[in-house]
Each structure stands twice: as C-alpha cells, then as structure tokens.
Amino acid sequence: SHPLLYPPGIKCGGVLSAPSGNFSSPNFPGLYPYETECTWLIVVAEGSSVLLSFNHFELEYHDTCAYDYLQVYNGAARDRGNLLGTFCGHSPPPPFSSAWHVMAVVFRSDRHVAKHGFAAAYRKGSREVWWSLSICPSVRFHCPHHPCLLADACGGQLTGLSGEITSPRYPESYPNDAECRWSIGGASGGGPLTLVFADFQMEGGQGCGFDYVALFDGPTVTAPGLGRYCGSARPPRTVSSTPHLLVIFKSDFNIGGRGFKAHFYSAGECQEVFTTIKGNFSSPQYPNFYPNNLKCQWSIQLPLGYRVKVFFLDMELEGRSSLTGGCDYDHLSAFDGGTENGSLLGRWCGRESLAPITSRSNRLLLVLHTDRNTAKRGFSISYVGVVPMNVSCTRTDFHIQIPVQSLAQLERNRIYLGIPSCAAQVVGRNFKIHTRFDTCGTESQRRNNTSVIVSTLYIDFSVGDQEDIHQYEVQCEPKRKEATVTLIAGPDPSRLSQAENLVDAQKWEGEAMDAREVKSQDTSDIVFISICILAGLLMVIAVVGLVLL
C-alpha cells in the first residue's frame, strides 16, 4: 500500500470498501486545486472484481499526460506492470475491470492550469469481467438493479499490458443465449497483442454455427477475422498485427460446455519455440519492467543427440519470500525434456548471477511466472546447442567423432581440427577426425604443472554472409590418456565472462565403437610397447653374448 498524498485542507483519496460507490476529484464540479495528489484504493469482496466507469472527465491536456493526469492500476501496487492506463484531456477513460478484488486510482495535478476534473463510479463485479457495452449501452451505473447488469457479466474494454479473460461462469458451464465482447488493447505505446488459450471446451459443429469464439484483428467486427473456433480443440496462439484485438463469445439456446480461459499479452512474444542451434531471448519489455500476471514459456527443441546449454546474461526478478525464503512470487523455472512434467533443473528469482545450466536431453523449457504485484527488469538469456561428440586421445593422437545426423546440414569440410585441411571424414554414420599431435595446429602447453596437447575444433554453421562458427578447445593429457573438450566460442562470446567446460554435456549416447575402432585408437600404444619389448630382448641377447665371449 501507499500513503495518500494531498495538500493540507484538501480532502481526497481514501479506501473505498463498499460494494459500490462514487468518487470525484477535489472540488468537483468546480476546478480542482493545484499540486494535488490523491489515491483511491477500491477493495471489494475476495473472488470479485472492481468495475469502474467515468461519468465526467476533464483534465489539462498534454500529448503524454505529463502535467495533470489520472492513472488506473490493476491492484494496490503502483508499479508499471500493474498500470492499466494514464489519462488526461477531455476524452473519458474506457470502463475498466480489475483482474482481482483491488483497484487503485491516482489523480495528480501540477502547479498550472486547472480543469473541472472527473466523477467516477465503481461496483463489485463477477470475477474480472464487465458486461458488454454493446448489450447494455445506457444502463451502466445509472440503473444498478437493471436486469442487464444482474446477468452473468462478461466482455469489456481491457487496456492493460496483460490479463486474463474467461467465458461467463467458467469453469462451470456457460449460460445459453450469451454474447460477450472483449475489446483488448488501445493503451498508449501498445504493440501487437498475443492471445493464448489455456482451456477451451464448447459445443462443436461444422462451421462453428452454434457456440463459438471469434477473433478480429482490430477493435471492431469490420477488422480482418483471425479465426472462429468451437469444439474441444484449443485454438492456436494468435498474434494481432495491430495494438487492438476483439474477442467475441456467442452461445445459442441449448447445449453448452465448460467455456474457455485465455491470457493476453501486449508486451511482445511470450510463447516461443526455438529450433536453431543457438539463439537468445528475454522477458517481455526487457530491460524495462515486465508485466504482472504472466505465464510465459520458451521451448528450445534441438535435433536428437544435442544438449541445450543456457547462459544467464542478466536477471532481476522479484525477490524471495521473507516468510519461506523461497521463490514464491515472480520466478523463472527450467525443465528438462521440454514440458513442465520434466525434471526441474532450477527455479530462480531476485537478482542473481547464475552459472550456466545444461539439459540432459535435446529439449529444454523455460517458464516465467509473474504475480499481480511488483515488477522488475526481467532477464536476458542466450543458449547454444552442445554438439554431441566423443573425444579421446592416446599418447600420440586425437580421436574425434560426431554423429552425422547431428550435423546433417553440414558438409564434412565444415568440420575441422586446427586448420581446414584437417577436415573430418565420413565413416559410416559418423564424422571422424583422427590426427597425430604434430599436425593440424596442435601445440604443447603446460597447465597446472602438467604437459597437455591443445587444439581447436571448428564447426562452421555459417550461411551466406552471416558467419557462425562454433569453436571447441580439445585437450589431451598424454600420460593419462585423458581428453576434455571446452566450448570457447558459441552464443555471442563477447557477452560470456568465461568459457564453460562442457565435458558433462558431451557424453554422447550413440552406438558404441566396434572392436576395430577400439583397436585403431590403441595402435600407437601397441607399437610403443612392442618396440620397448624388442629393445629389451636385444639388450638381453647382447649381454648373454658378451658373457659367453
């Protein structure tokens, strides 16, 4: 909650807890005073919503409402994520419905130019919906007991950055002979809208001529249609081309269903699927505050054999709960396998510097939940597909193999060790590189007082003029015959603080090498041992010969 600010002697603001009521700017219908700030906190019964309408509105005009203005917030917290709209001038705000049982209205005037102000009315509504203005154009708030307003409320003007709409009585069966219209968007600075259906079950029928939901790419039915849906199949994610989206729900005189529940977002893409080998994405509106009441999903789906490595470039979410110490409010979760039923790889909140994570499969799902209060900057993420490979070494050679299916789009000469002339060969179903330490740009180094052999494996994904070369450092400790591989250039290396060792992610689960492959890998060791034995035998023969002489 926030203090109510206003000059001494000026009565304005307060907590309005009656089921319905009226309020207005100070001195209304006279001129409001200068340098005034008032906050009205409207609180109705739990499980209900606040329905707000303006009967009169006249404030000083400015194209960005920088002088005198009125703001409506979806809840008690005055943060950008909850802001439904900022208004000034002579055009009254549209009717509003809150997403829960609390709404805040803030009025502010500066030291110049006063107008007559505003008069508003509110009442308790059913959930977060408002009776369609096209059905009850003349009775809102003027006839509170009119049968029109006592019906199952639905529809309305929604100008928040995000929100939820449901059919009347959801999840119970919707009523017959209902028609609801939600006009979504119209807030200043709004962009295209995304609508995602979380649940959908209605009467079916060819052509959806009975009960249906219709979507329009604009504020009216004259705008281009985006789809008409019925039955039990969830409609696809819909993105408007304008800052407006009209949703119409219609039921006929018999046969109903559970109805629908849908989320809308006006803050960019919130449901994304990535199939490229590397990419990046961020929370809605990043680096500005993300909206409240969101559930966003980013699904990364790579070819079989790949692992997904995620780098957290920046993250600031609402902090941990002071009661439980957990991420109970806004949080980001990662799931292995591509669904929320998969293994939880991590759940984060607050402002943290996070180490990269790697999936155990070729799919990874990131889910952002935000609640109704307190928004932060959000996050920025890069990911890279870790190429499945098997890297081993002997005392004299490197052996590298990569399944062809993992790099099916690449020619073998796009995969090379050190220099392009050391390109991979295709052997069966694998790309293979078998090279001695004295070739292909390998060099001897001393690390942690240990002699190691180092080279760079290049995998060139470049297309046209867009260079995209992944680099892995391969390293061998000859005495122990132990090889490691490290990603040294993948997802925008200038933004990664250090190379991350990917040995754990490199455990290729392909077919085991056959006996001939194993034998070929150890050929140099067998030759070395044979020479040693032969030298020993020659020395013994020489000694015996000297003794006999």
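Summary of computed values
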quantity: Filter result for E60 (charged (D, E, K, R), under 37 Å from the mean Cα position of the chain (by Cα) and assigned to a loop (DSSP other than H, G, I, E, B)); calculated: no
quantity: The range 259-284, subset open to solvent by less than 10 Å² (accessible area, probe 1.4 Å) and closer than 15 Å to I165 by Cβ, residue modelled with the lowest pLDDT; calculated: Y265
quantity: Lone qualifier among G256, G227 - being in contact (Cβ under 8 Å) with a residue 60 or more places away in the chain and open to solvent by 20 Å² or more (accessible area, probe 1.4 Å); calculated: G256
quantity: Pair list, Cβ < 7 Å and 6+ apart or interchain, from the range 427-446 residues that are open to solvent by less than 50 Å² (accessible area, probe 1.4 Å) to residues that are part of a loop (DSSP other than H, G, I, E, B) and among the β-branched types (V, I, T); calculated: F437/T396; C440/I419
quantity: Qualifying positions in the range 192-222 - open to solvent by 20 Å² or more (accessible area, probe 1.4 Å) and aliphatic (A, V, I, L, M); calculated: V196, A198, V221
quantity: Which numbered condition T242 fails, given (1) surrounded by 19 or more Cβ atoms within 10 Å (Cβ to Cβ); (2) touching a Gly at 6+ places or on another chain (Cβ under 7 Å); calculated: (1)
quantity: Search result, residues across the range 337-391 that are open to solvent by less than 30 Å² (accessible area, probe 1.4 Å) and among the small types (G, A, S); calculated: G338, G342, G346, G350, S359, A375, G378, S380, S382, G385
quantity: Matching entry among K261, K278, K250 (being touching a residue at least 24 places away in the same chain (Cβ under 8 Å) and under 30 Å from V384 (Cα atoms)); calculated: K278
quantity: Qualifying positions in the range 28-47 - open to solvent by less than 20 Å² (accessible area, probe 1.4 Å) and closer than 28 Å to D371 by Cβ; calculated: C38, T39, W40, I42, V44
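To keep it simple, each residue is scored yes or no on (1) in the same structural domain as F28 (by the TED database); (2) open to solvent by 60 Å² or more (accessible area, probe 1.4 Å); (3) touching a Ser or Thr at 6+ places or on another chain (Cβ under 7 Å); (4) at pLDDT 80 or above.
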| site | (1), (2), (3), (4) |
| --- | --- |
| F96 | yes, no, no, yes |
| H101 | yes, no, yes, yes |
| A104 | yes, no, yes, yes |
| F107 | yes, no, yes, yes |
| R111 | yes, yes, no, yes |
| H116 | yes, yes, no, yes |
| A121 | yes, no, yes, yes |
| W131 | no, no, no, no |
| S134 | no, yes, no, no |
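The values are calculated or read from the model by the stated rules, or taken from the named source; none is laboratory data. In this text the structure is predicted, and so the values were computed from the model without any measurement. Positions of Cβ are backbone-derived with ideal geometry, glycine not excepted, and every protein chain shown enters the neighbour counts. Areas reflect the complete protein model, heavy atoms only, side chains present, ligands, DNA and RNA absent. Shrake-Rupley method; radii C 1.70, N 1.55, O 1.52, S 1.80 Å.
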